[in-house]
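My structure is below; once you've seen it, I'll send some questions.
The values are calculated or read from the model by the stated rules, or taken from the named source; none is laboratory data. In this text the structure is predicted, and so the values were computed from the model without any measurement. Cβ placement follows ideal geometry from the backbone for every residue including glycine, while neighbour counts extend to all protein chains displayed. The protein model used for the area step is the full one, side chains on, heavy atoms only, and it has no ligands, DNA or RNA in it. Shrake-Rupley method; radii C 1.70, N 1.55, O 1.52, S 1.80 Å.
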Amino acid sequence: MKKSISKSATLLSTFTTGLLLTSCATQKKSAENAKPLNIIYIMSDDHTRQAISAYSDRYGITTPNIDKIAEEGLIFSNSYVANSISGPSRACMLTGKHSHKNGFRNNSDSFDGSQQTMPKLLQQAGYQTAMIGKWHLSSDPTGFDYWDILPGQGDYYSPVMYTKDKRTTYPGEYATDLITNKSINWLEQRDKSRPFCLFVHHKAVHRNFMGNVYSDLTEFEGTDYPLPDNFFDNYEGRQAAGEQEMSIAKDYSWEYDLKVKSPDGTAAIHKFGGYDRMNESEKAVWDSVYNPIQREINDKNLKGKELAVWKYQRYIKDYLKTAKAMDDNIGRLIEYLKANNLLENTLIVYTSDQGFYMGEHGWFDKRFMYEESFSTPMIVRMPRRFQARGKVDEFVQNIDHAPTFLEIAGVEIPADIQGESYLPILKGKHPKNWRKSLYYHFYEFPGEHAVKRHYGIRTERYKLIHFYNDIDTWELYDLKNDPSEMHNLINNPEQAKNIQLLKKQLWDLQVRYDDPIRFQYPLN
Ligand SMILES: [Ca+2]
């Protein structure tokens, strides 16, 4: 009997303890869910999906740290920008508005920092906000408790960075390492009682793609990379594509881009300023890798297509080196967050200011509304309270970050913000009324790389583009049958009805977003 009572008491005790534990766990979980989420927005420059192993294995590059973010969260397969160039893309992200509304249409504009921005609204809601790295909006940042930025494009070696108070040169430093160090330092000294939103904006992997002498500069040297099928594109039926100046064969330059002199001696005298920013020991490592390449090209006497392919091989190797150094640094930042118990209450977004051509159509650079540069990687590491994992197919655009971060912070989304909050998607939902098409508008012409002004619409299957200004051409692509966008169907009679429908949809988007530059509709 005694034994039995004892057993019952033990069972009861176990049951009670179980209840208590359950109740504690529930309380702990709800307390955790009530804590405001921190946000870390990591944005690289020109890092395209083709060079991220979570998206593509085409180049055999592994980006283990970016991939890990994807494994522990969501990878967006249909993420796009509103204007595929640096400053405009950054302005879209900060404001949640298309370029014609935030006023920053091309890289020669200056951002009006007095306007409403997402960081300002987060700040008013009690978030600490910091911007570290590439800013590229000309005017000084507003809406940040702390900022420490590169001037303009910045430099890979001996970078200059400036704050509200001071401009500093960092000899013997590599930009990607430095931006990561500064981000970690800011996290260390922040007010730990308040939530934060930290923007880590890398210079990498921007041209002229200088790898890190402090890691392995010989990496990727031994590999021959496959040419994209359309590397020798003849641009038939696509006038604007034929008139650009971003061809690897013609425009990827000796010295500045290729880091070696032309073997025929026609190169301009030392355009490669990045090299001069290195100290002697950095130059010694650099020379040990690039001097043999100079000897190789001097000996080879390459011409025409062979020379174009050689340039492509050099381009891909240098690009991947820069990307590898950045992936390493993203790993270092994540390790810091883990060691400091920040990972489970922080939403981490990894993206780029736009995609990039890796030899498709024979190109480097971006700007066009074609898929490689209109799209951008977007990977979100989820804090513990969000259960969704895996691939997301909904259309998202860089104007969506602002409303999303505001909703996360409990701030009412202002009516003039044009993006949509993707918070429901982060919560695993697939809203039925989610956008079915995307609007795009590029303005920088005349300008570097000579890409004509254009706007367009992308639906799930089709893309319609209008090039305007000094040209008036339309292009239609069937992305299902022609994902590389090689066949302009605008004059195909079978597409006439479809074209009318897409023009109507494009016009509706221009009206909805209140773009003052729009085409004449209805058409006769
Ligand atoms: Ca860029």
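Counting only residues that are assigned to a loop (DSSP other than H, G, I, E, B) and open to solvent by less than 10 Å² (accessible area, probe 1.4 Å), which one in the range 113-134 is nearest to residue 103 (Cα to Cα)? Reasoning before the result, please.
The first filter runs over the range 113-134 and keeps only residues assigned to a loop (DSSP other than H, G, I, E, B), leaving 113-117, 125-127.
This time we only want the ones that are open to solvent by less than 10 Å² (accessible area, probe 1.4 Å), so: 117, 127.
Details: 117: 13, 127: 26 Å.
Out of the qualifying residues, it is 117.
Identify, please: which residue in the range 331-341 is touching a residue at least 24 places away in the same chain (Cβ under 8 Å) and either crowded, with 23+ Cβ neighbours inside 10 Å or part of a helix (DSSP H, G or I) (or both) and is, among those, nearest to the ligand (Cβ to nearest atom)?
Here the residue is 333.
Assess whether residue 316 counts as being over 20 Å from residue 380 (Cα atoms), at pLDDT 95 or above and part of a helix (DSSP H, G or I).
The answer is yes for residue 316.
For every residue, the table says whether it meets (1) more than 16 Å from the ligand (Cβ to nearest atom); (2) open to solvent by less than 10 Å² (accessible area, probe 1.4 Å); (3) in contact with a Gly (Cβ under 6 Å, 6 or more places away or on another chain).
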site: 286; (1), (2), (3): yes, yes, no
site: 296; (1), (2), (3): yes, no, no
site: 307; (1), (2), (3): yes, no, no
site: 313; (1), (2), (3): yes, no, no
site: 343; (1), (2), (3): yes, no, no
site: 351; (1), (2), (3): no, yes, no
site: 355; (1), (2), (3): no, yes, no
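What residue, among those in the range 144-173 that are open to solvent by less than 10 Å² (accessible area, probe 1.4 Å) and assigned to a loop (DSSP other than H, G, I, E, B), is nearest to residue 208 (Cα to Cα)?
Filtering first and then ranking leaves 156.
Which condition from (1) open to solvent by less than 10 Å² (accessible area, probe 1.4 Å); (2) closer than 14 Å to residue 52 by Cβ is the one that residue 372 breaks?
(1)
For residue 55, all conditions in the list (1) outside any loop (DSSP other than H, G, I, E, B); (2) more than 16 Å from the ligand (Cβ to nearest atom); (3) within 19 Å of residue 398 (Cα to Cα) hold save one; what is the number of the exception?
(1)
If the Cβ limit is 7 Å and pairs must be 6+ apart or interchain, which residue in the range 495-522 that is open to solvent by 60 Å² or more (accessible area, probe 1.4 Å) pairs with which residue that is basic (Lys, Arg)?
507/518
Among the residues of the range 188-207, are any touching an Asp or Glu at 6+ places or on another chain (Cβ under 8 Å), away from the ligand (no atom under 16 Å from the Cβ) and not in a strand (DSSP E or B)? It would help to see each step written out before you state the result.
As a first pass, look at the range 188-207 and keep what is touching an Asp or Glu at 6+ places or on another chain (Cβ under 8 Å): 201-207.
With away from the ligand (no atom under 16 Å from the Cβ) added as a condition, the list becomes none.
No, every residue in the range 188-207 fails to be touching an Asp or Glu at 6+ places or on another chain (Cβ under 8 Å), away from the ligand (no atom under 16 Å from the Cβ) and not in a strand (DSSP E or B).
As an exercise: evaluate residue 65 against (1) at pLDDT 95 or above; (2) part of a loop (DSSP other than H, G, I, E, B); (3) open to solvent by 10 Å² or more (accessible area, probe 1.4 Å) and give the number of the one condition it does not meet.
In the conditions (1) at pLDDT 95 or above; (2) part of a loop (DSSP other than H, G, I, E, B); (3) open to solvent by 10 Å² or more (accessible area, probe 1.4 Å), residue 65 misses (2) alone.
Okay, moving on. When residues of the range 414-427 are filtered for being within 19 Å of residue 514 (Cα to Cα) and either over 23 Å from the mean Cα position of the chain (by Cα) or not polar (S, T, N, Q) (or both), how many remain?
Counting residues in the range 414-427 that are within 19 Å of residue 514 (Cα to Cα) and either over 23 Å from the mean Cα position of the chain (by Cα) or not polar (S, T, N, Q) (or both) gives 6.
Kindly indicate whether residue 169 is free of Cβ contacts under 8 Å to residues at least 12 places away in the same chain, in contact with a Ser or Thr (Cβ under 9 Å, 6 or more places away or on another chain) and among the polar types (S, T, N, Q).
Yes, satisfied.
Continuing with the same structure: Sort through 436, 427, 432, 391 and tell me the only one that's open to solvent by 10 Å² or more (accessible area, probe 1.4 Å), assigned by TED's automatic domain parsing to the domain that holds residue 375 and closer than 23 Å to residue 456 by Cα.
From the options 436, 427, 432, 391, the qualifying one is 436.
Anything in the range 77-99 that is closer than 22 Å to residue 427 by Cβ and out of contact with any Pro (no Cβ under 8 Å at 6 or more places or on another chain)? List them, or say none. Reasoning before the result, please.
Of all residues in the range 77-99, those closer than 22 Å to residue 427 by Cβ come to 77-80, 93, 96.
Correct list: 77, 78, 80, 93.
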